[in-house]
Amino acid sequence: LYCEPGDFYIDPAFAVPRAVITHGHGDHARPGHRKALATPETLAIMRTRFQDMPDTEQQALKYGESVRIGDVEVGFAPAGHILGSAQAVLAYKGQRIVVSGDYKRRPDPTCPPFEPVPCDVFITEATFALPIYRWSEAETVAAEIFDWWQACKRDGQTAVLFCYALGKAQRVLAELTRFTNETVYVHGAMPGLIKAYRAAGIAMLPTEPVGNQPKGTSFAGRLVLAPPGASGTPWMKRMHPFSAGFASGWMRVRGGKRRMAYDRGFVMSDHADWPGLQRAIAATGAERVIVTHGYEAVMVRWLQQQGLQAGSFKTE
């Protein structure tokens, strides 16, 4: 997305002179920009993930603050997706355009909740824009994860929960504080990002990297968090015997767990479900909605049925 009167890009897929970045996930935050504007938390996550961030002129903007770039007033509002995630609020010639980035409406102890921003144009994601996607309360899902972990402990197995290293792992660690204070072991892709969350004051279970444990250590009865890419790799040999679970909104679809070869699927998403998308869009009061990043056609058709101007935009 290029904003011509401000001469900047929003979540560009390639290095640009000036980028406005909604959050730290790799499909939105990329390295190599000459200038980058983001929330302080997102910039901290990017510094953790990217080696060349010192070469980027970093400008931090807190929620509710604004800065002028060219002829455009740019601000951030909470998106409720992950730590530091923001909606980009653009004001230009009496019009307000809000670019949502990724967002969710459900409570999350690791980030501020989504705040609807009244606007003329709302650019929304549509990752889970199908009526089948409806989330249960996070507390219920966390209890399911904890019960599975305890069952694995009784059976002498390692409970290996696959989840994304940024956002989902930290949310799981925070949600499980309701039930225990036991140490959780994590894959080597996670400690740096967990540290960034702890630095922001997020309360989570204590963690230890798997790689720091002596060779031959048994993880039986332990909960181990790993990114999906670790499944089927030699790293998993240390986990035997184990039960494998996956925490994702994609687990809502029947057969997803079986196709991905997981023993358990836990429906926990950092995106809005179908009702959440509908509520978020309605709360903005926008007369024009641009849909991107997901089931665009379904969302556009529903919006048009509500009498709104709606279209879609394909991202890289």
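Give, rounded to the nearest 20 debye, the magnitude of the charge dipole that region 195-316 has about its Cα centre when Lys and Arg contribute +1 at Cβ and Asp and Glu contribute -1 at Cβ.
500
In deg cm²/dmol and to the nearest 500, what is the mean residue ellipticity at 222 nm of the chain if only DSSP H runs of at least 4 residues count, each as -39500 (n - 2.57), divided by the residue total?
Details: 7 runs with 69 residues, N = 316.
For the chain, the value works out to -6500 deg cm²/dmol.
Which of HIS187, MET236, ALA199 sits farthest toward the positive end of the charge dipole of region 126-268, with +1 on the Cβ of Lys and Arg and -1 on the Cβ of Asp and Glu?
Of HIS187, MET236, ALA199, it is MET236.
Output the peptides 6-18, 80-92 sorted from most to least packed, where packing is the average of other Cβ atoms within 10 Å over each peptide's residues.
80-92, 6-18
Express the accessible area of region 170-312 per residue in Å², computed with a 1.4 Å probe while the remaining protein chains stay in the model.
On the way: 6730 Å² over 143 residues.
Per residue, region 170-312 has an accessible area of 47 Å².
Tell me the per residue accessible area of region 1-156 using a 1.4 Å probe; a whole number in Å² is fine. Walk me through the intermediate numbers first.
Numbers: 6600 Å² over 156 residues.
On a per-residue basis, region 1-156 sits at 42 Å².
Please give the net charge around ALA143, taking every other residue with its beta carbon less than 11 angstrom from that of ALA143, where Lys and Arg add +1 and Asp and Glu add -1.
With Lys, Arg at +1 and Asp, Glu at -1, the neighbours total -4.
Please state the charge dipole magnitude for region 87-237, taken about the Cα centre, from unit charges on C-beta atoms (+1 on K and R, -1 on D and E), reported in debye and rounded to the nearest 20. Before the final figure, lay out each step's value.
Numbers: 16 positive and 13 negative charges, 60 e Å.
Dipole size: approximately 280 debye.
By DSSP, what percent of the beta bridges with both residues in the chain are antiparallel, rounded to the nearest 5?
Counting DSSP beta bridges with both partners in the chain, the antiparallel share is about 30 percent.
Stretched out fully, how many nm does the piece from GLU137 to LYS314 gain, at 0.36 nm a residue minus the Cα gap?
Stretched fully, the GLU137-LYS314 segment lengthens by 60.6 nm.
Of the DSSP beta bridges with both residues in region 89-244, give the percent that are antiparallel, rounding to the nearest 5.
DSSP beta bridges in region 89-244 are roughly 20 percent antiparallel.
Could you work out how far helix 138-154 tilts from the main Cα principal axis of the chain, as a 0 to 90 degree angle to the nearest 10?
Rounded to the nearest ten degrees, it is 20.
Evaluate the charge dipole of the chain about its Cα centre and quote only its size in Debye, nearest 20, assuming +1 on the Cβ of each Lys and Arg and -1 on the Cβ of each Asp and Glu. Walk me through the intermediate numbers first.
Working: 35 positive and 30 negative charges, 187 e Å.
That gives the chain a dipole magnitude of about 900 debye.
Calculate the length of the line joining the C-alpha centroid of region 167-192 to that of region 106-149, in whole Å.
18
By a straight-distance test (C-alpha under 20 Å), which lysines pair with LYS62 as possible cross-link partners, with residues fewer than eight away in the same chain excluded?
Partners within reach: LYS35, LYS104.
Roughly to the nearest percent, how much of the accessible area of the chain is carbon and sulfur, given a 1.4 Å probe? Before the final figure, lay out the partial values.
Working: 6890 of 14020 Å².
The nonpolar share, carbon plus sulfur, comes to 49 percent.
The values are calculated or read from the model by the stated rules, or taken from the named source; none is laboratory data. The shown structure was predicted, so the numbers you read here are calculated from the model rather than taken from an experiment. Because the Cβ atoms are built from the backbone with ideal geometry, glycine has one as well, and the counts that use them run over all protein chains shown. Calculation scope for accessible area: heavy atoms of the full protein, side chains included, ligands and nucleic acids excluded. Shrake-Rupley method; radii C 1.70, N 1.55, O 1.52, S 1.80 Å.
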